[in-house]
């Protein structure tokens, strides 16, 4: 219901045991999303329509990050296979185009890379994906609204508290963006959601009312 990740549960068994609807619905949130809900400042979310506490209202992805797609994403990310972005964008529009229109998205924001790292690699794969998506949807890419001020460790190696501290003050906003109320943040891979939350937090601070997330791949739940 939140990040779009498939979760493993025996829903029939759960529904028989659940005495209340909200107990049943709690199984619609993955482990990582529940951690996010417990860590986000409730005061900043007081005006949200949805009860789930998060800087991101909802997310979608194309593929589960497993099997052959892992090799594809490695080439896209590290082997300069930027042409893959066009295919991914086409698949996104086919699968989630209606959702993008329904959420009244006004601009696309790619998750920024640490600038020295981007210069060394030669490109930001999230930005390449965002640009192809922009060409198909007509939505502008705003890649200067949020920037990464320091490099961070790989989140998959950290526990929840370490992830939060690792990303603390890693992003900053660059300019006023009050003209946008609905923004779509995009990245290549969504793992724990911590990076997406950090970027969305900076956008919320600048007055964006609704932040959504879209990734090419999403990791499996615990």
Fill in: Count of segment 22-73 residues which are in a helix (DSSP H, G or I) and modelled with pLDDT of 75 or more
13
Item to complete: Identify, from the list 205, 127, the residue that is surrounded by 13 or more Cβ atoms within 10 Å (Cβ to Cβ) and modelled with pLDDT of 90 or more.
Response: 127
Worksheet item: Only one residue in 101, 119, 131, 91 is part of a helix (DSSP H, G or I), free of Cβ contacts under 8 Å to residues at least 40 places away in the same chain and in contact with a strand residue (DSSP E or B) (Cβ under 9 Å, 6 or more places away or on another chain), so which one is that?
Response: 91
Fill in: Matching entry among 157, 181 (being surrounded by fewer than 22 Cβ atoms within 10 Å (Cβ to Cβ), at pLDDT below 85, under 24 Å from residue 2 (Cα atoms) and out of contact with any helix residue (DSSP H, G or I) (no Cβ under 9 Å at 6 or more places or on another chain))
157
Item to complete: Starting from residues that are outside any loop (DSSP other than H, G, I, E, B) and in contact (Cβ under 8 Å) with a residue 40 or more places away in the chain, keep the ones in segment 74-83 and report whichever is surrounded by the most Cβ atoms within 10 Å (Cβ to Cβ).
Response: 76
Worksheet item: Quick one: is residue 116 modelled with pLDDT of 80 or more, more than 30 Å from residue 29 (Cα to Cα) and either within 16 Å of the chain's Cα centre (by Cα) or exposed (fewer than 13 other Cβ atoms within 10 Å of the Cβ) (or both)?
Response: yes
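The values are calculated or read from the model by the stated rules, or taken from the named source; none is laboratory data. Only a predicted model underlies this, so the values are computations on that prediction, with no experimental measurement involved. A quick note on method: Cβ atoms are made from the backbone with ideal geometry, for glycine too, and the neighbour counts reach across all protein chains shown.
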